[in-house]
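Colleague: Mind looking over this structure? Questions follow.
The values are calculated or read from the model by the stated rules, or taken from the named source; none is laboratory data. Quick caveat: nothing in here was measured; it's all calculated off a predicted structure. Don't worry about glycine lacking a Cβ; one is built from the backbone with ideal geometry, like all the others, and counts go over all protein chains shown. Please note that ligands, DNA and RNA were not included when accessible areas were found on the heavy atoms of the full protein model with its side chains. Shrake-Rupley method; radii C 1.70, N 1.55, O 1.52, S 1.80 Å.
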Amino acid sequence: MNAYQIYTTALIACGLASLLLAFWAGRMNLARLPEWESLPRNKNIAVILVFLCLLWCVPQAKPIVWDWLLPWLYPLVVIFSVLGFMFLDYLFSRAIGGFFILLTYYFVHEAFTFHTPLIALFAIMCWALGIMGLFFSGKPHLFRDFIRKLAKSSRIRYTAVAYFAGFGVLCLTLGIIHAFRG
């Protein structure tokens with residue numbers, strides 16, 4: 001599988017995941033709040049996402065680390081995943097924020113590489129996701145507050161549904177265009 005096929009597959013997968021998030025956000029209400037309010041602190045799901053995000057960072061770290069550190073990169077992924085599980089609070093919030101940041105970087109970079117149509121709109125939608133990731137990583141309690149706002153405010157809920165549905169449709173459309181182009 002080459003880089004173009006990976007990008008196309010990632011676009012389609014992200015589109016489907018965004019539509020799923022839009023559906024989840026649209027169904028959030030005060031009755032469902034207690035079951036979802038603890039998600040930002042869930043360590044069991046988060047440690048898997050932390051591990052995958054740290055693995056994703058290894059190829060980007062290889063050109064900039066010292067030579068003596070290269071053989072330690074993969075063991076450090078395991079070590080830091082375990083340390084994060086043991087010592088970090090709001091681990092899922094931090095992990096999803098980091099994932100959003102990595103996804104934004106990847107999509108914007110590859111969109112320019114593969115001449116994606118509607119690149120300006122796509123980049124803006126990706127940057128919005130990246131900014132959300134920065135907030136969730138830097139102040140992890142904001143993810144919990146976001147879930148609470150989804151449940152209490154229909155305006156916030158409709159905005160989140162509109163964003164995630166729009167981003168999902170855009171990613172699916174671009175993924176299909178790239179699939180037929182390539």
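Colleague: Would you check if there is a residue in the stretch 81-102 being touching a Cys at 6+ places or on another chain (Cβ under 8 Å), of a type outside the set (Phe, Trp, Tyr) and surrounded by fewer than 19 Cβ atoms within 10 Å (Cβ to Cβ)?
Modeller: Yes: one or more hits.
Colleague: Between a residue in the stretch 107-134 that is over 16 Å from Thr9 (Cβ atoms) and any residue that is part of a helix (DSSP H, G or I) and open to solvent by 90 Å² or more (accessible area, probe 1.4 Å), which pairs come within a Cβ distance under 9 Å, given they are 6 or more apart or on different chains?
Modeller: Here the result reads Val108/Trp127; Ile119/Phe112; Ala123/Phe112; Cys126/Tyr105; Gly130/Tyr105, each pair linking the stretch 107-134 to a residue that is part of a helix (DSSP H, G or I) and open to solvent by 90 Å² or more (accessible area, probe 1.4 Å).
Colleague: Please enumerate the residues belonging to the stretch 22-33 that are surrounded by fewer than 17 Cβ atoms within 10 Å (Cβ to Cβ) and part of a helix (DSSP H, G or I).
Modeller: Matches in the stretch 22-33: Phe23, Trp24, Gly26, Arg27, Leu33.
Colleague: Could you go through the stretch 153-163 and let me know if any residue there is surrounded by fewer than 14 Cβ atoms within 10 Å (Cβ to Cβ), under 20 Å from Pro40 (Cβ atoms) and more than 16 Å from the chain's Cα centre (by Cα).
Modeller: Yes, the stretch 153-163 has at least one match.
Colleague: Now for a different question. Open to solvent by 80 Å² or more (accessible area, probe 1.4 Å) and assigned to a loop (DSSP other than H, G, I, E, B) - does that describe any residue in the stretch 45-63?
Modeller: yes
Colleague: Please tell me if Thr9 is surrounded by 12 or more Cβ atoms within 10 Å (Cβ to Cβ), touching a residue at least 60 places away in the same chain (Cβ under 8 Å) and not in a helix (DSSP H, G or I).
Modeller: Considered against the rule, which asks whether it is surrounded by 12 or more Cβ atoms within 10 Å (Cβ to Cβ), touching a residue at least 60 places away in the same chain (Cβ under 8 Å) and not in a helix (DSSP H, G or I), Thr9 comes out as no.
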